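These notes concern the structure reproduced below.
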Amino acid sequence: MDDRVAVRRARRLLSARDLSGCDHRLALDSGVVPDTFASAESSPEKGVVALTAEPSAEDPSVTRRKEAATAHRETVAEMLEGLHSDQPGAVVRVAGANGGDRVAATMAACAADVAWIWNASLPADPDAGIRGGSELLVRVADGYVPVIVVNHRVTVPAPPAKKVAPGSGDTPAAPPVTSPLWSWSPTPDPTRAVRRHRRDLLRLAHLTRLLAHAGVGSTTGLGGSIGLDADCIVVHDLTETLAGYDDLLTRRGAIAAGELTTGPSRVGECRTCPWWVRCEPELTATRDVSLVVNGSQVDALRTVGVLTIDDLAAFDGPVPSDWPGRADLADAVTSARAWLAGVPLIRRIEEPVVARADVEVDVDMESYGEDGAYLWGTLLTDRTDPAREVLYRPFVTWDPLPTDDEARSFAEFWAWLMDERAAAHEAGHTFAAYCYSQAAENRWLLGSARRFAGRPGVPAIGEIEQFIGSPEWVDVYEAVGTNFVCPHGKGLKKIAPVAGFSWRDPEAGGEASMDWYRVAVGRDDPAGPDPTDSAEGQRARLLRYNEDDVWATKVLREWIDTAAKDAIPHRSAL
């Protein structure tokens, strides 16, 4: 027997979720980390920290994503049943009061050669130490392939094919493989480009191993995923993923068993992790370097012995060999020094600058998950006419997303913005529109133009591309990064208060707005009898929040252009 198999016998069974994400979270979830942490010198004055062993309640954003995923899976299930309604017995939904019943029902369906098995639950493999189930199993010639249903996009329209010069030796990239939802017919699909998600591929590899253990798996090495658009099955060749799966499983299993020691490190996952209430004080007490730098920068610094913020603040060695090429080591050192000095921002240049214009429009968009953008908020400032009121204008639909009425509100927003731009040009004035982190706005500008192409007032993709590629579309987030080093991050909620701005709603934030939106459009009932909790009350709250966001952008960019030089120390001061 493989030694790795023998070691796994005593461990808890791992799900596909256990194979990715933070190592320390897996250890904490597995209960193999001591309940308390103390600094190297054990005294209250020098940073002893007693930690709770209990995680916090699930983050509301995680709950929302789970609910959205459940709803999406049910939609796909009903669609598949509808597609195969003329084939009695082709689709079987597995049900059962407990896990054992569902496993038995799944295996019975496999034995009956059912073509499409929904909500499959597979026998655990105690030797490998794994368990799991698949939204769908599809019968092929020699067994079953797993197909998972995910609540994110797995394909986008293919970009124009690049021409290959004759004699260059280059070959065009092979198109992805997809299958229709009504049959398993993998075929090259040049109309799409695939978005590969490592977690999806690992889950498919995990399910492939479980199917093999159950004796019902296909030997094709293929798996599939149905994404948010639910318009095809993306077919994945799992050969490469399976090649590294066993080593990954061995390592993660050892962590879950407490055989590999882990420690906290701040990563993106921490934002919604229930264990952050435990990890944050430990990281703060040890002044861990991950509090001021991210991801691969942390790994590169640790390889050269830079473990704490103090180490980084004093570092004057060469750039580590595996330091990420796009990151600036000097910025990392400055961030560490700023953290130690308690300074929220540091000027990286003598004279902070941001593009200004005669007529300025601040823009902020509100979306609901992947369903659409329901609100485009604007704030116009005419610097040529002080008598013209600085006025907030929202363009909104309160029809629950997704809705065709989104096309109307988007078209009205775009027409207004372009009219103001044209009027400024006609008067001989300069024009600029501002947003904070254009990736989100650009995504929905382009996405809305694609989805609603041909609707009244909806601009062509080329018109959107021309505008967002011009100097008249200004990203204040990028301006912040150009002008400042930000040890605590560059989010608007972190930076605008430095410029003196505050939000009227103490709960203002993107995650909270999701809850407000659900009540505003009637998806959820009001929290109580107070009129502010009603649908109308939550609509007003969303508009107030959006208005504050555009005002925050305006206040911040004007502050950069005026008071920031005197308010914020230059990096040379540290």
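Residues of segment 486-495 include at least one that is under 24 Å from the mean Cα position of the chain (by Cα), surrounded by 15 or more Cβ atoms within 10 Å (Cβ to Cβ) and closer than 18 Å to residue 433 by Cα.
Being surrounded by 16 or more Cβ atoms within 10 Å (Cβ to Cβ) and closer than 26 Å to residue 269 by Cβ is the filter here, so list the residues in segment 314-326 that pass it. Result: 320, 323. The set of residues from segment 261-297 being buried (at least 16 other Cβ atoms within 10 Å of the Cβ) and of a type in the set (Gly, Ala, Ser) comprises 265, 285, 290. Of all residues in segment 439-460, exactly one satisfies the criterion of being at pLDDT 95 or above, in contact with a strand residue (DSSP E or B) (Cβ under 7 Å, 6 or more places away or on another chain) and surrounded by fewer than 21 Cβ atoms within 10 Å (Cβ to Cβ), namely 444. Screening 487, 531, 497 for residues that are modelled with pLDDT under 95 and touching a Pro at 6+ places or on another chain (Cβ under 9 Å) leaves exactly one candidate, 487. Checking each residue in segment 332-346 for being under 25 Å from the mean Cα position of the chain (by Cα) and under 21 Å from residue 556 (Cβ atoms) picks out only 335. Taken across segment 416-423, residues that are at pLDDT below 95 and under 27 Å from residue 354 (Cα atoms) do not occur at all.
Residue 502: among the polar types (S, T, N, Q), surrounded by fewer than 20 Cβ atoms within 10 Å (Cβ to Cβ), within 30 Å of residue 574 (Cβ to Cβ) and at pLDDT 95 or above, yes or no? The answer is yes for residue 502. For segment 366-376, which positions are in a strand (DSSP E or B) and touching a residue at least 60 places away in the same chain (Cβ under 8 Å)? 366, 367, 373, 374, 375 - these are the residues of segment 366-376 that are in a strand (DSSP E or B) and touching a residue at least 60 places away in the same chain (Cβ under 8 Å). Look through segment 65-84, keep the residues that are touching a residue at least 24 places away in the same chain (Cβ under 8 Å) and aliphatic (A, V, I, L, M), and return whichever of them is farthest from residue 153 (Cα to Cα). Per the criteria, the residue is 83. Within segment 217-226, the residues that satisfy the criterion of being crowded, with 20+ Cβ neighbours inside 10 Å and closer than 10 Å to residue 142 by Cβ are 217, 218. Do you know which residues across segment 479-516 are in a loop (DSSP other than H, G, I, E, B) and of a type in the set (Gly, Ala, Ser)? If the condition is that a residue be in a loop (DSSP other than H, G, I, E, B) and of a type in the set (Gly, Ala, Ser), then 489, 491, 500, 502, 508, 509 are the ones that fit.
Residue selection: residue 511 satisfies the criterion of being in contact (Cβ under 8 Å) with a residue 40 or more places away in the chain and either in contact with a Pro (Cβ under 8 Å, 6 or more places away or on another chain) or hydroxyl-bearing (Ser, Thr, Tyr) (or both).
Listed by first and then second residue, the pairs with beta-carbon distance under 7 Å, at least 6 apart or on different chains, first residue in segment 110-126 and in contact (Cβ under 8 Å) with a residue 12 or more places away in the chain, second surrounded by fewer than 19 Cβ atoms within 10 Å (Cβ to Cβ) and part of a strand (DSSP E or B), are 118/93; 119/93. Checked against (1) surrounded by 20 or more Cβ atoms within 10 Å (Cβ to Cβ); (2) farther than 24 Å from residue 371 by Cβ; (3) among the β-branched types (Val, Ile, Thr), residue 155 passes all but condition (2). Where strands (runs of 3 or more DSSP E) fall wholly inside segment 56-163, the ranges with 2 or more residues that are among the polar types (S, T, N, Q) are 116-125.
Restricting the first member to segment 324-339 and to residues that are in the same structural domain as residue 486 (by TED's automatic domain parsing) and on the phi > 0 side of the Ramachandran plot, and the second to residues that are of a type in the set (A, V, I, L, M, F, W, C) and buried (at least 24 other Cβ atoms within 10 Å of the Cβ), no beta-carbon pair is closer than 9 Å while six or more apart or on different chains. Within segment 342-396, the set of residues being acidic (Asp, Glu) and touching an Asp or Glu at 6+ places or on another chain (Cβ under 6 Å) comprises just one member, 364.
The single condition among (1) surrounded by fewer than 19 Cβ atoms within 10 Å (Cβ to Cβ); (2) assigned to a helix (DSSP H, G or I); (3) in contact with a strand residue (DSSP E or B) (Cβ under 8 Å, 6 or more places away or on another chain); (4) charged (D, E, K, R) that residue 229 does not satisfy is (2).
Can you find a residue in segment 400-419 that is without any contact (Cβ under 8 Å) to a residue 12 or more places away in the chain and touching a strand residue (DSSP E or B) at 6+ places or on another chain (Cβ under 8 Å)? Scanning segment 400-419 turns up no residue that is without any contact (Cβ under 8 Å) to a residue 12 or more places away in the chain and touching a strand residue (DSSP E or B) at 6+ places or on another chain (Cβ under 8 Å). Kindly check whether there is at least one residue in segment 523-534 that is under 25 Å from residue 410 (Cα atoms) and either among the polar types (S, T, N, Q) or surrounded by 17 or more Cβ atoms within 10 Å (Cβ to Cβ) (or both). No, segment 523-534 has no match at all. Working only within segment 280-319, note down all residues that are under 14 Å from residue 332 (Cβ atoms) and acidic (Asp, Glu). Listed by number, the residues that qualify are 288, 299, 310, 311, 316.
For (1) assigned to a strand (DSSP E or B); (2) within 28 Å of residue 442 (Cα to Cα), each residue gets a yes or a no:
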residue: 326; (1), (2): no, yes
residue: 333; (1), (2): no, no
residue: 336; (1), (2): no, no
residue: 344; (1), (2): no, no
residue: 351; (1), (2): no, no
residue: 364; (1), (2): yes, yes
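Would you check which residues across segment 24-38 are part of a loop (DSSP other than H, G, I, E, B) and at pLDDT 90 or above and list them? Hits for segment 24-38 are 30, 31, 32.
Taking the criterion of being in a helix (DSSP H, G or I), of a type in the set (A, V, I, L, M, F, W, C), over 19 Å from residue 122 (Cβ atoms) and in the same structural domain as residue 31 (by TED's automatic domain parsing), would at least one residue in segment 187-197 satisfy it? No, that holds for no residue.
Only one of (1) loosely packed, with under 14 Cβ neighbours inside 10 Å; (2) of a type in the set (Gly, Ala, Ser); (3) touching a Phe, Trp or Tyr at 6+ places or on another chain (Cβ under 7 Å) fails for residue 300. Which number is that? Answer for residue 300: the failing condition is (1).
The values are calculated or read from the model by the stated rules, or taken from the named source; none is laboratory data. No experiment lies behind these values; they were computed from the predicted model shown. Cβ coordinates were reconstructed from backbone atoms using ideal geometry, including for glycine residues, and neighbour counts include every protein chain displayed.
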